[in-house]
Amino acid sequence: MAPDRVTDPGIEAQAPRPIRSFVRRQGRLTEGQQRALDSQWDRLGLDLQGQARDLDALFGRQAERVLEIGTGNGEALVWAAEHAPQRDFIGIEVHQPGVGRLLASLAAKQLVNARVYCADAVEVLTQDIADQALDEVRIYFPDPWHKKRHHKRRLIQAAFVELLCHKLKPGGLLHLATDWAPYAEHMWDVLEAQSLLANVNGPRGHSPRPAWRPETHFERRGQRLGHGVWDLLYRRKD
């Protein structure tokens with residue numbers, strides 16, 4: 001798995017197993033990543049608290065709130081926090097080395113408008129995020145789970161998208177990106193069926209890469225190999 005690809009995708013909703021939004025992948029922490037976790041977690045990390053967070057109190061201000069699910073190595077979140085200081089950002093990632101690298105980058109740039117969970121996205125959304133608390137949700141390059149028997153593990157499923165809709169404010173934006181054409185088709189199937197969402201570019205439409213999403217090393221490598229990239233933008237209806 002490339003380091004900047006989402007590392008926590010997939011919902012398995014088959015009873016009696018609980019819904020989860022990821023398949024955990026272990027990785028060895030570098031000394032720098034462990035040091036960042038030890039020194040920055042209390043300031044920039046978030047533990048599940050089991051009740052809706054007061055985001056104004058968390059960030060010490062009122063601002064637009066953006067949630068990125070599956071931050072990978074944190075490249076996109078750090079870039080966004082640096083280039084949109086008027087907004088607050090929350091990242092979710094289950095891969096500890098990626099969280100350590102993200103924390104180190106935030107600290108190095110002295111960014112105060114971002115926080116990160118090392119947890120399951122479904123648990124964060126259901127336990128800690130109030131309904132209509134978010135202005136935007138971003139999910140960049142989730143694992144496409146290529147084999148048909150693994151499609152049930154894909155993050156973008158009807159139940160998960162419905163949960164996201166409840167957390168978005170009316171008019172809020174859901175931004176997905178993928179470099180795998182069959183997964184783009186799957187995303188369209190799921191999102192177009194959700195009555196609370198409207199495609200910014202019309203039915204089964206997509207956008208050029210928006211200015212707020214930085215191009216990643218993984219993406220550039222894929223384009224050199226002839227891969228396409230699809231950015232899907234949906235608004236939460238009133």
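Things worth noting here:
- Contacts under 9 angstrom Cβ, first residue in the range 40-68 being at positive phi, partner in a loop (DSSP other than H, G, I, E, B) and of a type in the set (D, E), 6 or more apart: G50/D128
- Residue selected from the range 99-119 under the condition under 14 Å from A84 (Cβ atoms) and either in contact with an Asp or Glu (Cβ under 8 Å, 6 or more places away or on another chain) or among the small types (G, A, S) (or both), by the criterion surrounded by the most Cβ atoms within 10 Å (Cβ to Cβ): A114
- Against the list (1) out of contact with any Leu (no Cβ under 6 Å at 6 or more places or on another chain); (2) over 24 Å from E75 (Cβ atoms), the condition W180 fails is (2).
- Any hit, the range 30-44, residues being within 20 Å of D131 (Cα to Cα), part of a loop (DSSP other than H, G, I, E, B) and either modelled with pLDDT of 95 or more or of a type outside the set (D, E, K, R) (or both): no
- Residue within the range 169-176 that is within 27 Å of R65 (Cβ to Cβ), touching a Gly at 6+ places or on another chain (Cβ under 9 Å) and aliphatic (A, V, I, L, M) present: no
- Residue match in the range 141-159 (condition: closer than 20 Å to R65 by Cβ and surrounded by 16 or more Cβ atoms within 10 Å (Cβ to Cβ)): no
- For the range 179-209, the set of residues classified as within 20 Å of the chain's Cα centre (by Cα) and of a type in the set (K, R) consists of R209 only.
- Candidates A130, A159, A177 - the one that is on the phi < 0 side of the Ramachandran plot, outside any helix (DSSP H, G or I) and in contact (Cβ under 8 Å) with a residue 60 or more places away in the chain: A130
- Enumeration of residues in the range 83-127 that are of a type in the set (D, E) and assigned to a loop (DSSP other than H, G, I, E, B): E93, D120
- Verdict on F59 being among the aromatic types (F, W, Y), buried (at least 24 other Cβ atoms within 10 Å of the Cβ) and out of contact with any Cys (no Cβ under 8 Å at 6 or more places or on another chain): no
- Residues in the range 81-93 that are surrounded by fewer than 22 Cβ atoms within 10 Å (Cβ to Cβ) and either in contact (Cβ under 8 Å) with a residue 60 or more places away in the chain or among the hydrophobic types (A, V, I, L, M, F, W, C) (or both): H83, A84.
- Among the residues making up the range 209-220, those that are under 23 Å from H186 (Cβ atoms) and modelled with pLDDT under 85 are T216, F218, E219.
- Residue within the range 145-154 that is touching a His at 6+ places or on another chain (Cβ under 9 Å), of a type in the set (F, W, Y), at positive phi and not in a strand (DSSP E or B) present: yes
- Residue list for the range 190-215, restricted to those being hydroxyl-bearing (S, T, Y) and either touching a residue at least 60 places away in the same chain (Cβ under 8 Å) or not in a loop (DSSP other than H, G, I, E, B) (or both): S207
The values are calculated or read from the model by the stated rules, or taken from the named source; none is laboratory data. Remember, it's a predicted structure, so these values are computed and weren't measured experimentally. Every residue, glycine among them, receives a Cβ derived from its backbone with ideal geometry; neighbour counts consider all protein chains shown.
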